[in-house]
1. Taking the stretch 6-37, which residues are within 16 Å of the ligand (Cβ to nearest atom), hydrophobic (A, V, I, L, M, F, W, C) and in contact with a strand residue (DSSP E or B) (Cβ under 8 Å, 6 or more places away or on another chain)?
2. Hey, can you tell me all the residues within the stretch 37-56 that are within 22 Å of T204 (Cβ to Cβ) and surrounded by fewer than 19 Cβ atoms within 10 Å (Cβ to Cβ)?
3. So, in the stretch 103-129, exactly how many residues are modelled with pLDDT under 95 and either more than 20 Å from H202 (Cα to Cα) or away from the ligand (no atom under 13 Å from the Cβ) (or both)?
4. Considering only the stretch 64-121, how many residues are in contact with a His (Cβ under 6 Å, 6 or more places away or on another chain) and within 25 Å of Q277 (Cβ to Cβ)?
5. Considering only the stretch 349-364, I want to know if a residue exists there that is buried (at least 24 other Cβ atoms within 10 Å of the Cβ), among the hydrophobic types (A, V, I, L, M, F, W, C) and under 10 Å from M30 (Cβ atoms).
6. Which condition breaks for G19 when tested against (1) at positive phi; (2) assigned by TED's automatic domain parsing to the domain that holds L342?
7. Please verify whether A285 is part of a helix (DSSP H, G or I), closer than 20 Å to T312 by Cβ and not basic (K, R), treating the condition exactly as stated.
8. Within the group H129, H121, which residue is free of Cβ contacts under 8 Å to residues at least 12 places away in the same chain and assigned by TED's automatic domain parsing to the domain that holds G172?
Amino acid sequence: MEYNHVRETDPEVADALVGEVERQRETLAMIASENHVSRAVLEAQGSTLTNKYAEGYPDARYYGGCECADTVEQLAIDRATELWGAEYVNVQPHSGSQANMGVYLAALDPGDKILSLDLTHGGHLSHGHPKNFAGQVYEVEQYEVDSETGYIDYEALAAHATEFEPDMIVSGYSAYPRQVEWERIQEIATSVDAYHLADIAHITGLVAAGEHPSPVGVADFVTGSTHKTIRAGRGGIIMSTEEHADAIDSAIIPGMQGGPLMHNIAGKAVGFKEALQPEFEEYAAQVVANASALGERLAEHGLSLVSGGTDTHLVLVDLRDSHPDTTGKKVEGALEDVGIVLNANTVPGETRSPFVASGIRAGTPALTTRGFDTTAIEQVADCIARVVDSPDDADVKDDVAEDVQALCAEHPLYE
Ligand SMILES: *Cc1c(COP(=O)(O)O)cnc(C)c1O
């Protein structure tokens, strides 16, 4: 990956692009929402479809010359339909946040009420944070996880819904290590006559591969991102029933977007095709097995996990018991020094600011793409634990950095 054409025009950007390839090769990407797409997906995203305006939908465009765009978008739709089994799919949202915006616009009126999980408990900005558009346009209240168990408190959610009478309940989370009981949330939504939006941004790939129960056919609307546990490049997707198809189509365009990012939709089509191959099921199963192994090993090192473990692709470590004087931010920085990139994260009942936080979140999707198995993941867990114990010890960090470099070299990327 030399980016020679970029280099001829713009050496500064070329240096940064090459630097990023090297950064990804030489560090362990454990941000739970990140992954490494294939070169096929990269190539599709870098194609001349970036030049093409294709406002509208396949066979119903506002511009001419859309036959190749139509082919690509229809393939993306057909493959998504096969992967998740939805009646209706829209592959045009520019990202997961835009997918959520599209559903709100299709199903709600300004001032309507949304009930969603608190951000510090694992929710997402686009679920109605005061600084997000959804928090400004809709009336939002938030539910929480049980502070003892770390699981969604479904009974409290039911009581909150009865009292608040929301128009929409949002499920699906950014930092929740457990399976979500979609049926249970659907029942609560039905009982108060609210829509249910299941946002599977983090777990699109796990759901496609059957590693997490699917909300498709359960929730009224399902949204996702296409670059987290599914490796189809940056973007979003909306799924629903035919009943809502027209409303969603027109919420996306003309409601909130202009021309679709056709080059990204080509990336989605290629990534979805990859995810339809049998190897993808093995991949998703390994992602989950690796997260379990990571959690168990960290627990053996004395670290506490929110909810006591994981059934998904991520673990959330609560540092308050084992390391009360350190913070998520401090650990994040110390780990970055040794080449392990993850993020500080709030934990249920957080008392620190979200920028400092008392936890760290770590995911296995990207490392699993590089071929890490449970044995290699346990070595990574050992590295993390050593740094958490001694974030200021230069000798320990030098030692761990060497182990990280060895693990990177054993698991090459983009060769
Ligand atoms: C990542 C995420 C999104 C989408 O984020 P984008 O960066 O806009 O793609 C939406 N919802 C949840 C729960 C997420 O974790």
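1. Matches in the stretch 6-37: A29, M30, I31, A32.
2. If the condition is that a residue be within 22 Å of T204 (Cβ to Cβ) and surrounded by fewer than 19 Cβ atoms within 10 Å (Cβ to Cβ), then S38, R39, A40, L42, E43 are the ones that fit.
3. Going through the stretch 103-129 one residue at a time, the tally reaches 1.
4. 0
5. yes
6. Failed condition: (1).
7. Yes: the conditions hold for A285.
8. Only one candidate passes the filter, namely H129.
The values are calculated or read from the model by the stated rules, or taken from the named source; none is laboratory data. Everything quoted here is computed from the prediction, not taken from an experiment. So basically every Cβ, Gly included, is an ideal-geometry build from the backbone, and we count neighbours across all protein chains shown.
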